Structure formats: structure tokens, C-alpha cells
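Enquirer: Take this structure first; my questions come after.
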Amino acid sequence: MDNTLLSSSLNKSFGKSLLYTLPMFLITFMFMTGGRLNFSDPYSLLATLIAFLLVNILYFMMHYSGKTDRYRVVLFIIFAMSLSFTLIKNMIAIRSSMSFSQADVLECKIPFCHLVIPMMIIPAAFTKSIIFPGSILNGFANISSMVVLWLVATIVLGRGFCSWGCFYGGWDDGFSRIRKRPVIKHINEISRWMPFAVLFMVALTAALTLVPTYCDWICPFKTVTEFEQVTSLESASKAAIFISLFGGLVVVLPILTRKRTQCSFLCPLGAINSLSNKVTPFTVKVDREVCNECFKCVEVCPLYALSREDIRAGKVSIFCSKCGKCVDACTKNAIHYGIKGVPAGHLKNFSRNLFLFVSFLFLAIFSAGAIISSFQSLLKLVF
Amino acid sequence: MKKKVKIVAGITWAFVCLILIIILFPGLNSFSASTAKLPFMKINPNYTGGEVANQIVAESCTLDIRKPVFDGLFKERKNGFVQLDWRGNLPGKIVDSIDFDHDKKIDFCIFIDRKQLKTTIDQFNKNVKNIIISTPTSYGWSVRVGLRK
Amino acid sequence: MTDSFILGLSSGSACLVTCGMVMFPYLMAGSAGVKRIAIDLSLFLFTRFVIYFILATMAWYFGQAIFSNPLVRNFVPGILYIVFAVMLVWYSISNSRNPKCPAEIVKTVNDKRLVPIFLGVVNSLGFCPALFIILTKGATQGTLLQSYLAFLAFFVGSSLWFLPLPLAGQIQKKEVLKTVGILATGLAGIIFMIKGLTNLIGGIING
């Protein structure tokens, strides 16, 4: 009884939830439609409406049910799949293949993704140039706009970018939810620091070779986006590494551990985002006065960001991506979204409402293009 | 008092972030354009192939000979390349003599059979190594020839 | 040179936190300000440099003798790289590892003026998998100069971490630095494992 009352403290009445959804409704309408509906293309219109309704229903449900991760993950997974689908579709349309050729590299036609950012910092400082064969300002996924998007998102959300903005994270997040119980329960604590070691190594090797080594040799998401054309033993080895890492860290291990293992153990941008957790105003707080130390939060955390010691000390680690899984799991409402400076246990609803608006707005608008495009393609395929 | 200041500062920063996210997408084009003007926002010559140093114009096509690229992190590397770009309506077989260092001596001759996708070079300069890349492009054909300092 | 530098830099961080904390009090003991600290640190680094110079010479000469046989030259370096790289990876992931700095032995030295030199010797000769890899590299280089350059890159990479040693007391996240350093060393091990495999495959193809 007590638990039910406490857990329901974050949810709202139907009318109030609708009122909280109204600003999201208006802003997403403006961004998705550009202010007016295009009736000349019924597929585009229908896809836009479906995407628009989807994001707003999910946001409404977050307020109505008081649950965050349950609805966030729906959009997050759809975003990841849509982006890969749209990208692959475009590449097949343009190049008749998922791979890019040497000519695409020479003509600097490779779409930029935020994972390159850790590797381009040192060369940018010393050579005053970007070590990536993409476009600075024009075309799809150009370097300037991706850098701006990531920079603002990481300042505002910190590592929250990994759960509310990264268009790859939805893959291992999705696979980590397939099994109900984990097969592998314990992983060495020090592995949490692996992304920092990867960051160190890729930043160093990229600086010394002026090649984005992570993209060139390691990135598992090449498997679901694009990769170098296999023309030699070296490019074949790279493709084998991409596929193996995708299979291992994005599919198999997340299923076995119920954790986002790629994000936890490999992603170098996750390490930088963890550091920016120090800057963002939004955080997750532990109200020690209410906590009964059931450690359900530790169990469900997908990024190994929580340990029993952390909970006992009343804090979360820098690895927290603010996905909300622990907040949803806590029956006492002891772990909650908070704002830095505001003591734990205070302004829980206010902090959650503000964080949800900021983070969900970013996710909804950032994902809109890819989701609408993939819905449109699916509609054309079906009808 | 200190606690209150912390609370006010935290909430103010949160609202600033809210505004940042709201203006991010409408202002993205403008922010990106400003970012693109930053001094380091240009693609490294290892990818672009470097600046065009010399252009040879023929009847139906042009050949761009770019500056040799030896760019490293702190200083120039021992090994680099020179990129050649043929643009326009290209013949099936390309034969060109290249003087990339402008010493009025031919450094290498290049033979490209576009149909067979076969490229060979004859080196006359000891610093010319081998063909790194030879590929058709959207504008014609590109070749990178390895160089040593 | 790049891979030697990376190896030095990655193993240097773990080396600093494991050994630095032992060296720090001795390097600083009885010191009278920045000048003294700088002299002690320079002596320490100079000793390491000399030791690496000697090791580079020895490795290359032994390499010339051992790898003169083409069959040995084609296969042994690749195998050695793989073995030491596996050791390096194992070192980084092993749960049971409890790294202790060989410089603990410094407590037996009575003359404090000799401490930086003694520490330099012990630190350079603390045979770890990273040093084994660089010895293999030195032994397989074509010329003595190349062997020196490989050791120099390793020395520079690992020494960079020791430069802020006087500030070591101020570093708050020593455990984090150590953990990241050890994991990075493991990743460097993977790079050398790939290098070893490439050498071995090249050796098989060549004959």
C-alpha cells in the first residue's frame, strides 16, 4: 500500500498530463511539419502524423504513468533502427551497396557521426584541420551541424546524450531487453573504466596517424551503417572486426547481461560524455532518508553506473546516462531525477518535469527526420 | 544562505539549458555556419588530396596536379603522396607525364587503362614510390602516387 | 616509432601510479624546493634513458645473432610479439594481479643522493611485458639506429607521465588513473598482438 502510494507520486491525472504535453505537442508539430501539413504527398503526410502522434503519446504516457525509461526506450530503439534503415536505403539508392568506395573517401562524401569527435580534437588543435573525409557544412550529416548538436546536447544532458540522443545506443538497449533475467550477472568492476582506456588509445593513435582509428578499425555500428568496400585483406579484416564487435557487444552480451555492453565497455564518446556529466545541471539523486537499500536500481542499471557502495553513499557515478531505468524500478521513489544544487529528496516532480521536457524534446526532434523517412518508406512498401 | 544560492544557481543553469535546447534546432543552420568558419574547420589534406598546384587543360578534359601532401601531427612525415585528378570527358586510355615539383623535369609517367581498371607508372624521380590509389570518381579519375621526402 | 610511443605512453600511466607513489617520497626527501626536485627528477629520467640506450644496443646485437637465420627471422618475432602481447593483455585483465613496484627495494639504499639513479635503474629494469615487447622490437630492427629510435619513442612515451611527479601528491583520482592506465596497456597489447599476427602471416607468406 505504502509502496503504491510512493511510486504513484510521479504520475499525474489525465488532464494534468495533457497540459504538460501541450508545449511538446506544439513544438514537435512545428518542427515535424514546418508549420503546415503537406497534403500533396499522402505518404509523407501519414508518416509525419504517425511520428508526431508517437512522440506525443510517449511523452504523455511518461507524465501520466510516472514511468520514464519504459516509454523513452520505445522512441530510442525506433530512432536507432530508423536511422540505420534510412541510411542503408539511401546508400543502396546512391551506391547500390552498403559500403563506401575509395572514390567516396577522396571526394569527402562520408557522413559524419558523433563518434569521430574524440579523435578529431587533438589533430584539430595541432594541424588546424579535421581528420575525416566528410563535408564541413553541406549535405547529410555534415561535420559542423553534428558537432554543434553533440556539443549542446552533451553540455545540457551530460552522458544523458547516450540515452536520449545517440542514434546507435538504441541497438544494444533494445537487445539488452530481450531476456527477462541475465545469464551473466557479474563483471569485473574495473571494466567500467574501459571506455576511458579506449578513448585514450583512439585519441592517441588518431593523433599520431591522422586517421580516425576507431571508425577505421573498431566501430561496431559500421555493421548497421556503412563500411569500407572489401577489396583487400586489410579491409576484410576490418569488416570482420566490425561484425564481430557488433555481434559480441551489441547483440550477444547485452542479451546475456541485460546491460548495454557496447556503451559500457567500448564507446569512447561515452567517456567524454561521462566527464560532461560534471557540467550538466541535471542529475540522478539518491534520497538516503527514503532508500531501503533493496538495490533494485543497481540490478537494473544498464550501464554499470550504480554500485551498492554508490547507493550507500547516496550518489550515482559519472557513468549515469539518466535513462530512468533505476527511477522506474525504485518502489520508494528514493532515486529520482534532480537538479544540481538542490538537495536529494527535494523538488522531485519539478526536476523530473524539467529534465523530461529538455531531454525528450532533443530526442523527439533529433529523431524526427529519420523516423518520418523510414515510416514513409515502410508505408510505400506496404501500400 | 549558501544552500539557497546553490539551489538558485542550479535551477537557473537548468533553465538556461532548457532555452539552449529550444533554440538549438531552429538556429542549427546559423550555428553550423558559424562553427564552419572556425580556423580548424577544414578537412585535412590527407583526405582532400591537398591544394591544386597546377592545372593542365586538354581538349576535352583537365588534369589537376595537387601539391604533395606530407602532413603529420607536428611536422611533415617522411612518406606522403601527390594526388592527380582528371576531370571532364576522359579517353579510354590516359597517358600523362607529371612534373609535380615544378623542376621542369618529368618525375613520373602514368598510364591508366580505364576499361581494364589498370594503372602503372614509370618513375624518373627517386622520391616517387608507388600507386596508392587509382579509382574512378564522380568527376573523372583520381590517382594518388606515394612519395618519400 | 608510433607503436613504441603508444606502448610507452599507455604502460607509463600505470607505471607512474604503481611506482610513482613509491618513488615520490624518496625523490622529494630532503629536497629544498623546485630546483632540487628538478635535479632529482632529471637524474632519474637520465638514468632511465641510459639504461634504455644500453638495452637497445644489447637487444639489437642479440637480435642480429639470433635472427640471422631467415626461418627464425620470419617466425620468431611474430610469435614473441603475440606471447608478450597476450601477457600484456592478461596483466591488464587479471583479477589476481597485485602490481608492486620493484622500486620498493629503494628502502635498502642508505645514501639518499644515489636514490634517483637507483630508482631509474630499478624502474627501467622492472621487466614487464611492455618492456619485453620493446626488446623484441629493438632486436628485430634493420639497423642499430632504428633500435635506438624504437627505445627512444618508448622512453619518451613512458617518461611523459613522470614529468608531473612533483605534483603526484595532488593527484586525487590515483586509482582511476591506474585503472585506466592498466586497461590502456591491455589495449596496447591487442595492437601488438595484431602486429605479431601480421608479422607471422607475412613470415608464412614469405617462406
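Enquirer: A 22 angstrom limit on the alpha carbon distance is what I want to check against. Which of A:259/A:315; A:67/A:322; A:285/B:3; A:16/A:285; A:185/A:325; B:104/B:126 exceed it?
Expert: Distance filter (> 22 Å) returns A:16/A:285.
Enquirer: Taking springs between alpha-carbon atoms closer than 10 angstrom, which of A:322, A:16, A:128 fluctuates most in the Gaussian network model of chain A?
Expert: Greatest mean-square fluctuation among the candidates belongs to A:128.
Enquirer: Once the Cα atoms of helix A:117-127 and of chain A are each reduced to a long axis, what angle between those two axes, in degrees from 0 to 90 to the nearest 10, is obtained?
Expert: That works out to roughly 50 degrees.
Enquirer: If we count every other residue with Cβ under 13 angstrom of residue A:171's Cβ, Lys/Arg +1 and Asp/Glu -1, where does the sum land?
Expert: Values: positive: A:177, A:222, A:260; negative: A:172, A:173.
Taking every other residue near residue A:171 into account, the sum is +1.
Enquirer: Return the whole-Å distance between the Cα centroid of region A:216-233 and the Cα centroid of region B:113-139.
Expert: Region A:216-233 and region B:113-139 have Cα centres spaced 25 Å from each other.
Enquirer: Which value in deg cm²/dmol, rounded to the nearest 500, describes the helix-derived mean residue ellipticity at 222 nm for the protein assembly as shown, given -39,500 (n - 2.57) per DSSP H run of n ≥ 4 and division by the residue count?
Expert: On the way: 29 runs with 402 residues, N = 739.
Only helices count here, giving -17500 deg cm²/dmol.
Enquirer: To continue, here is another question. With the convex hull built on the Cα atoms of region A:281-346, state its orientation-averaged projected area in nm². Show your work: numbers first, answer last.
Expert: Working: hull surface 15.2 nm².
The Cα convex hull of region A:281-346, projected and averaged over all directions, gives 3.8 nm².
Enquirer: May I ask you to sort A:261, B:35, A:28 by Cβ crowding, counting other Cβ atoms within 10 Å and putting the fewest first? Could you put the intermediate results ahead of the total?
Expert: Details: A:261 27, B:35 18, A:28 22.
With the fewest neighbours first, A:261, B:35, A:28 line up as B:35, A:28, A:261.
Enquirer: What does the structure give for B:22-28 when I average, per residue, the other chain Cβ atoms found within 10 Å of the residue Cβ? Before the final figure, lay out each step's value.
Expert: Details: counts 7, 1, 10, 10, 4, 2, 6.
The mean count of partner-chain Cβ atoms within 10 Å per residue comes to 6.
Enquirer: Another question, then. Compute the Cα gyration tensor for the protein assembly as shown, then decide on rounded, prolate or oblate, letting a ≥ b ≥ c be the square roots of its eigenvalues: rounded whenever a/c is under 1.5, prolate when a/b is larger than b/c in the other cases, and oblate in all that remain. Can you show the working numbers first?
Expert: Details: a/c = 2.06, a/b = 1.16, b/c = 1.78.
Verdict is oblate for the protein assembly as shown.
Enquirer: Moving on to the next point. Within a Cβ distance under 13 Å of residue B:52, other residues only, what is the Lys/Arg minus Asp/Glu net charge?
Expert: With Lys, Arg at +1 and Asp, Glu at -1, the net is 0.
Enquirer: With label points built 7 Å along Cα→Cβ from the Cα atoms of residue B:9 and residue C:67, find their separation and express it in nm.
Expert: Computed distance between label sites residue B:9 and residue C:67 equals 5.8 nm.
Enquirer: Compute the distance in nm between two label points, each set 7 Å from the Cα along the Cα-to-Cβ direction, one at residue A:18 and one at residue B:34.
Expert: Once both label points are built, they end up 4.0 nm from each other.
Enquirer: Report the residue, chosen from A:292, A:188, A:277, that carries the largest GNM mean-square fluctuation when chain A is represented by alpha-carbon nodes joined by springs under 10 Å.
Expert: A:188
Enquirer: Taking the alpha-carbon distance from residue A:222 and a cut-off under 15 Å, which aspartates and glutamates remain once sequence neighbours fewer than 8 residues away in the same chain are dropped?
Expert: Correct list for residue A:222: A:172.
Enquirer: Which of B:76, A:226 comes first, and how do the rest follow, when ranked by fewest Cβ neighbours within 10 Å? Each step should come with its number before you reach the end.
Expert: Details: B:76 12, A:226 21.
Listing B:76, A:226 from fewest to most nearby Cβ atoms yields B:76, A:226.
Enquirer: Would you mind checking the tilt of helix B:2-24 against the longest principal axis of the Cα atoms of chain B, expressed as 0 to 90 degrees and rounded to 10?
Expert: The angle comes out at about 40 degrees.
Enquirer: Continuing with the same structure: Set Lys and Arg Cβ to +1 and Asp and Glu Cβ to -1, take the dipole of the protein assembly as shown about its Cα centre, and tell me which of A:58, A:249, B:142 lies farthest positive.
Expert: Ranked along the dipole, the leading option is A:58.
Enquirer: Cα gyration tensor of chain A, axes a ≥ b ≥ c as square roots of the eigenvalues: rounded (a/c below 1.5), prolate (a/b > b/c) or oblate? Let's see the in-between values first.
Expert: Numbers: a/c = 1.80, a/b = 1.26, b/c = 1.43.
Oblate, because a/c is 1.5 or more while a/b does not exceed b/c.
Enquirer: Something else about it: What FRET efficiency, computed as 1/(1 + (r/R0)^6) with R0 = 25 Å and r the Cβ-Cβ distance, is obtained for residue B:74 and residue A:234, rounded to the nearest 0.05?
Expert: Numbers: r = 26 Å, r/R0 = 1.06.
In this case the efficiency is close to 0.40.
Enquirer: While we're looking at this one, here's another question. Return one number: the angle in degrees, 0 to 90 and rounded to the nearest 10, between the long axis of the Cα atoms of helix A:348-382 and the longest principal axis of the Cα atoms of chain A.
Expert: Between the helix axis and the principal axis of chain A, the angle is about 40 degrees.
Enquirer: Can you tally the net charge around residue C:192? Count Lys and Arg as +1, Asp and Glu as -1, for every other residue whose Cβ sits under 13 Å from the Cβ of residue C:192.
Expert: Values: positive: C:137, C:195; negative: C:3.
Every neighbour counted, the sum reads +1.
Enquirer: Now for a different question. What lysines could a cross-link reach from residue B:37, if we take a straight Cα to Cα line under 25 Å and drop same-chain neighbours fewer than 8 places away?
Expert: A:109, A:128, B:67, B:75
Enquirer: For a quick check, take a GNM of chain B with Cα springs below 10 Å and name the residue from B:12, B:48, B:135 with the largest mean-square fluctuation.
Expert: Among B:12, B:48, B:135, the largest GNM mean-square fluctuation belongs to B:12.
Enquirer: Quick check on the exposure proxy: order A:227, A:221 from fewest to most C-beta atoms within 10 angstrom. Don't jump to the answer; show the numbers that get you there.
Expert: On the way: A:227 20, A:221 26.
Taking fewest neighbouring Cβ atoms as first place, the list is A:227, A:221.
Computed from the coordinates by the stated procedures, all read-outs in this text should not be read as laboratory data. What you see is a predicted model, and the numbers here were worked out from it, not measured in a lab. With ideal geometry, Cβ positions are generated from the backbone for all residues, glycine too; neighbour counts draw on all protein chains shown.
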